[in-house]
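The values are calculated or read from the model by the stated rules, or taken from the named source; none is laboratory data. Just so it is clear, the model here is predicted, and its values are computed rather than measured. Cβ placement follows ideal geometry from the backbone for every residue including glycine, while neighbour counts extend to all protein chains displayed. Remember, those area values only see protein heavy atoms, side chains included, never the ligands or the DNA or RNA. Shrake-Rupley method; radii C 1.70, N 1.55, O 1.52, S 1.80 Å.
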Amino acid sequence: MRLLTFLKRNRFVLSLLALFLVTDALLAWWNPMERSRRFYKNDFVKTLYHHGWTRSGPVFYGNSSVTAAYMEDRSTHKLTEMGLSYGKITDLQAILKGGYYDVERELVVGIDVHTMIDSLETDPTYPWFKRWYQPYVYYYRDYFRDSGQELLRNALKGHPLAYEPRWIDKMLYFGPEPTASECPQGVVAGCLQRKWDDYDKRFGWMKPQQDFRGNLAAMQWVIDYAASRKLPLRVVWMPWNSGYKHPPYVAEMKSLVNGMLQKAGVPTLDLMDRFPPEDFHELVHLNREKGAPEFTKEVDAWLNGLK
């Protein structure tokens, strides 16, 4: 009786709640953040989009340094380029653990000077960050708001209600940075030094055993995951602009990770100091004209030579 009374008294609120839950479930099923070009796309969705929404196959995983360096269209080894903006090893663990992508035949992991930093900012729209209890419309509220504001602006101005498709390509890097406007005297070296100083201020004080702990644990998880599935795992140390010294933590970071990889017998290719400054756009991204083609050749030759 009490339950029946409660339902009668609150039927309007409960009806609204039910309507919201059903609507949210339908939105989640439709998943416009992936399916509709009206909304922003993160690099994981862009990877799926450019590969016909395939969610399985051999992968070259990493952060934006992998996107910049690995030219999938020129590669003879044919891996799916899964460079994610701000991608870390913890993200790779979440992808594999959550079944967001089924890596088959081979997993190549690119690690650069930022890949292991636990506190590095990230793209909050990656699907593995969404908790099961968070409503879809709430989790992506900023992007619904952005699209709604565009629709409203067009309506108020009498423009067609058609939307501008959101950018679907990943960030690539051409030539040297920066432009003259970014550096008053147009001196590339001076601007890159300021970038190095900024990196040093943000990350240079970090200690790998403390500040990379989560990603070190994720690296071991990935090693164990690959071994348990007999999935060939390879690791590439991604290039760093050799015109500038390494961040202070790099030597210890490489020692810790290499120790794990050697113990597990994981083949490793160290290209961190392989490329001259003219092959870079800035400190961590190879340019598309010179650096990326050479990187792709180096990696192809190495991978094709492994048994």
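Observations
- Residue-normalised accessible area of segment 195-307, expressed per residue, 1.4 Å probe, Å²: 48
- Each peptide in 269-279, 84-94 receives the mean, over its residues, of other Cβ atoms within 10 Å, and ordering these scores from highest gives 84-94, 269-279.
- For Met260, the shell of other residues with beta-carbons less than 12 Å away shows a net charge of +1, using +1 for Lys and Arg and -1 for Asp and Glu.
- Within-11-Å neighbourhood charge of His50 [Cβ basis; K, R +1; D, E -1]: -2
- Sites Leu256 and Arg2 - FRET efficiency at Förster radius 41 Å, r taken between beta-carbons, to 0.05: 0.10
- Cβ-based charge dipole, segment 182-271, positive-most Cα from Trp240, Tyr199, Gly214: Gly214
- Distance from segment 186-262 to segment 77-100 (C-alpha centre basis), Å: 16
- Using the Cβ-Cβ distance between Trp132 and Trp53 with R0 set to 25 Å, the FRET efficiency works out to roughly 0.60.
- For Gln193 and Tyr40, the FRET efficiency from 1/(1 + (r/R0)^6), where r spans their Cβ atoms and R0 equals 25 Å, is about 0.15.
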